[in-house]
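Structure first, then comments.
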Amino acid sequence: MEDLKLKAITAEMNILSRSDGSVIISQGDSSCIVDVNGPIEVNSAANIDMNKAYVDVLYRPKCGIPGVNERYKEKTIKGLCESIILTTLYPKTQINFQIQEMDDSSGIFACAINGCNIGLLNSGLEMKFNMAAVHCVLDETDEIIIDPDCIEEETLAFTRVQKPKRISGKYKADFTFVFESLKDSLISVHTNGSFSLQKYNEALKLSRQACRKIFDFYADLVKKCSVVYIKNSILEYI
Amino acid sequence: MAQELLSLQGLRIDGRRQNELRQIQCRLGVLERCDGSAYMLHGNTKVIASISGPKHPTKNSANKNRGGDEFIFNVRVKFATFSKNGERQKVVKNSKKLGEIEINLKNIFKSVILVEKYEKSQLDLNIEILQTDGSEICTVVNAATLALIDAGICMKEYICACTASLTNDGVALLDVSHLEEICGGPTLTIAALPRTGDHEQSVAYVELSQKFYLKDLNKIFDCALMGCEKIRGILDEAIRSNAFELVNSELTNN
Amino acid sequence: MKETILSNNERVFVEKSIEEVLRIDKRQLTEFRNLGIFFGKKYGSVLVSLGDTRVFANVSCEVNIPKTTRPNEGTVFINVEMSNEKMSESCIVTTRILERTIRDSRCIDLESLCIIAEEKVWNLRVDVSILNNEGNVTDCACIAAVSALAHFKRPDCTTSGDGEFIIHKSSEKDLIPTVLHHYPICMTYALFKGKIPIADPTLLEERVTNAGLTLGINSYKEICSLHMTGVSLTSPFLIQKCSEMAAERAKHVVEFIKSTLEQDSIDREKSNVKGFKQSIILTNVTSNFCDEQSIDNNAEEISEVASNHDEIIVVSQEQKFKKIDENTISTTKWKDENEETSSSDSEIITLSQSNQEKSKVESMQIDSSDDEEKETIILN
């Protein structure tokens, strides 16, 4: 098997001044901005939950109005965030996620999930664990590739009429695995295409190793600014 | 379609001179059930405006206002389906253009109505445009002014609106019709308080379509402001004669 | 999200300081904030920042039927989305200002977008998304829309005589850039008491005064649109003055857009497209960068327990029924008619592939000495 590589990740937190938590994340060729707000007042009375917070996700695609694909992604991310956030600490409130897709190569879903996690870290909401999403594909030669290169999506200039295929012609299947940080166990899988179970297990194993790298990235990111916060808080005591 | 906006003799497409207004007719108190109403005819543009209020705020408006003590001013503008020449006008919900017109009207009138006198109350303005032939916003603003006066709402001054355009040779044309809008140059719409003078705060609303050179801004502005003055005279006359009639009819009744 | 209430103290403070020619963020009355334009990897997407206000715009194209009144011109559709309410007042106003400045001023050459007259034309769709509103969203949105249009390249197409046409891939034929006659830029001035114009108001200044004047102007000193927002009365003299100031600034902004576009095309030729990463300031404390990392296929760090949790073990069909633990979320189970409860040690590995349910993974021990082949259990 070739040397497998996880693409370069760049992220900056706190970029939107009016949000509780925000991040711009660029993973390989995909990039997105995630905006976390909460706890805030609930929008509609139907969503008020006396015991916990209501999580609302809005996924904005690059072109056009959000459609069924976006609703699907929103639902997935909502489920993930509900399990991460200690929602019982914020009853009768709402936590909003807004994801703006900026550059889409095939790994945008994983990028968005990672962005949501960093956004949560930045917002100061209580979390049970971190999550990391890894995207990998099964190409025609039955090789697994983690975080593939940008696929020349010819039709991406078009809006709804000619929506790009979910998997580009070259790949047989693609997987997005989401892991949690406590025991590296799998919390969510999203697949497209057809694959054998053996390949699935291989992809899972590789992605699990890749997710460690992403958790390290989060740790580095937080370490940098935590030093500043700690220094500042010490200064207050002096 | 490439007709000359201004012929060699100085006549426009409809035979007017460059600084002539179209025929304006207005009547106040056309609808009996409303607190105030007005009907305005400007060339071929016909508009009916009606005011309901000042009254106790309705539940909906009170909710939107979130419990404040402010004066609530609701505006609804509607184009009749038969208003445009040729095609039937489709009724579009949440149309952005209509939404913008409503917001603009709200802002224009809030700047002249003496808001302190109408706290905790609501005023509803309904505009129905029966026929369009250019300068609709102008006619709407003028009709609304008349309706407000008919309803007895306190205002600082009359708000008059007028349009002006520019030919290719840089001659300013007053009061553009629909044809001149389409095949002509840029159209400037102004709603202003004509009496307060040039350097004072007098302009409440400006709208521009298409583009033109910065140096021509002065010319076109002056032309439009002059038009506002003329319209003010016409409105004033209509209001006074209406008041005169009312007083006369009261006297004869008694 | 509900906005916080503006206190009277703040309002009075801002008004008084403006009267003394002082702004809260130390700018001059006519000074604009820093402008940053970052293009993405794909043609037509751009992120613009004006101070702290951030706007993302994207242009896409589609083949459509033209308008009946203009059968040989393409169409442009502009959509502005804000984060809070869907069709709030400010959203409508911003959309209309953009439509007037960009569409009605005819800055795009619409006739070049025609494919077959009266039947098929290109429809350019501009989606503007307001990410952060820190004042003066209109200006930022306008610059974003114009830059995105200038950056966008549409696919080439050839028409055959029968009304059929072929849209070519970028590998076959080069993409065609949009033709812009001029670059209209919006400038917003907040008006304090109708007399003092403040360039590029921040959110606080906007909320205090509510009144403003937005001018759309291009680098040739042509006014493309004029719009007064909020409740105010101004003099025509002031409007004239603002237009002149705006004309000066418009030249600089248009030059900046053009130079950024040039830089982007140079980068693309060198295949050095950075995309939106450029907007991330790596020297900040809040940012981090991690280069490509290789993944070791045979790493032993991963605990065996974890890996055994999730793998699906393939089994064959001749199988005795195995007890399924009650806590697992499973939707199918295969029962053997001769039910034999197996030993308490043997359990079943389950994996939930559903994204919606919170998946629980139960670990089961597999009796490795068991020679029997096991069944596949696939769950939804």
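Among the conditions (1) surrounded by fewer than 20 Cβ atoms within 10 Å (Cβ to Cβ); (2) among the hydroxyl-bearing types (Ser, Thr, Tyr); (3) within 12 Å of another protein chain (Cβ to nearest Cβ), B:Tyr205 misses just one, which is (1). Sort out which residues of the stretch C:78-103 are buried (at least 17 other Cβ atoms within 10 Å of the Cβ) and at pLDDT below 85, and write them in order of number. Of everything in the stretch C:78-103, those that are buried (at least 17 other Cβ atoms within 10 Å of the Cβ) and at pLDDT below 85 turn out to be C:Ser83, C:Ser90. Of the residues making up the stretch C:230-247, one or more are open to solvent by less than 50 Å² (accessible area, probe 1.4 Å) and part of a strand (DSSP E or B).
On the stretch given as the stretch B:38-62, residues that are open to solvent by 10 Å² or more (accessible area, probe 1.4 Å), of a type outside the set (S, T, N, Q) and part of a strand (DSSP E or B) total 6. Filtering the stretch B:205-254 to residues that are in contact (Cβ under 8 Å) with a residue 12 or more places away in the chain, under 22 Å from C:Glu248 (Cβ atoms) and in a helix (DSSP H, G or I) leaves B:Asp216, B:Lys219, B:Ile220, B:Phe221. Going by what's in this entry, would A:Ile48 be described as more than 12 Å from the chain's Cα centre (by Cα), of a type outside the set (D, E, K, R) and facing chain C (nearest Cβ under 7 Å)? Considered against the rule, which asks whether it is more than 12 Å from the chain's Cα centre (by Cα), of a type outside the set (D, E, K, R) and facing chain C (nearest Cβ under 7 Å), A:Ile48 comes out as no. Screening A:Asp103 with (1) within 13 Å of another protein chain (Cβ to nearest Cβ); (2) open to solvent by 10 Å² or more (accessible area, probe 1.4 Å) gives one miss only, at (2). If you go through the stretch A:178-224 and pick out every residue that is open to solvent by less than 20 Å² (accessible area, probe 1.4 Å) and either assigned to a helix (DSSP H, G or I) or at positive phi (or both), you end up with 15. Residues of the stretch B:20-33 that are within 19 Å of the chain's Cα centre (by Cα) and in a loop (DSSP other than H, G, I, E, B): B:Glu20, B:Leu21, B:Arg22, B:Gln23, B:Gly29, B:Val30, B:Leu31. For the structure I just gave you, tell me whether A:Tyr237 is away from every other protein chain (no Cβ under 11 Å), modelled with pLDDT under 90 and open to solvent by 80 Å² or more (accessible area, probe 1.4 Å). Yes; evaluated as a whole, the condition is true for this residue.
Conditions (1) free of Cβ contacts under 8 Å to residues at least 60 places away in the same chain; (2) surrounded by fewer than 18 Cβ atoms within 10 Å (Cβ to Cβ); (3) closer than 30 Å to C:Asp174 by Cα; (4) under 18 Å from the mean Cα position of the chain (by Cα), marked per residue:
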{"position": "C:Arg33", "(1), (2), (3), (4)": "no, no, no, no"}
{"position": "C:Ile37", "(1), (2), (3), (4)": "no, no, yes, yes"}
{"position": "C:Ser60", "(1), (2), (3), (4)": "no, no, yes, yes"}
{"position": "C:Asn72", "(1), (2), (3), (4)": "yes, yes, yes, no"}
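When each of A:Ser26, A:Ser30 is tested for being closer than 20 Å to C:Gly40 by Cβ, modelled with pLDDT under 90 and among the hydroxyl-bearing types (Ser, Thr, Tyr), the lone residue that passes is A:Ser30. Reported count of residues in the stretch C:29-66, each being assigned to a strand (DSSP E or B) and of a type outside the set (Gly, Ala, Ser), is 18. Taking residues in the stretch C:149-174 that are touching a residue at least 40 places away in the same chain (Cβ under 8 Å) and within 13 Å of another protein chain (Cβ to nearest Cβ), and partners anywhere that are small (Gly, Ala, Ser) and assigned to a strand (DSSP E or B), the pairs with Cβ atoms closer than 8 Å and at least 6 places apart or on different chains are C:His151/C:Ser45.
The values are calculated or read from the model by the stated rules, or taken from the named source; none is laboratory data. The shown structure was predicted, so the numbers you read here are calculated from the model rather than taken from an experiment. Reconstructed Cβ throughout: ideal geometry from the backbone, glycine too, with neighbour counts over all protein chains shown. Ligands, DNA and RNA are stripped out before the accessible areas are found, and what is left, the full protein with its side chains, is counted by its heavy atoms. Shrake-Rupley method; radii C 1.70, N 1.55, O 1.52, S 1.80 Å.
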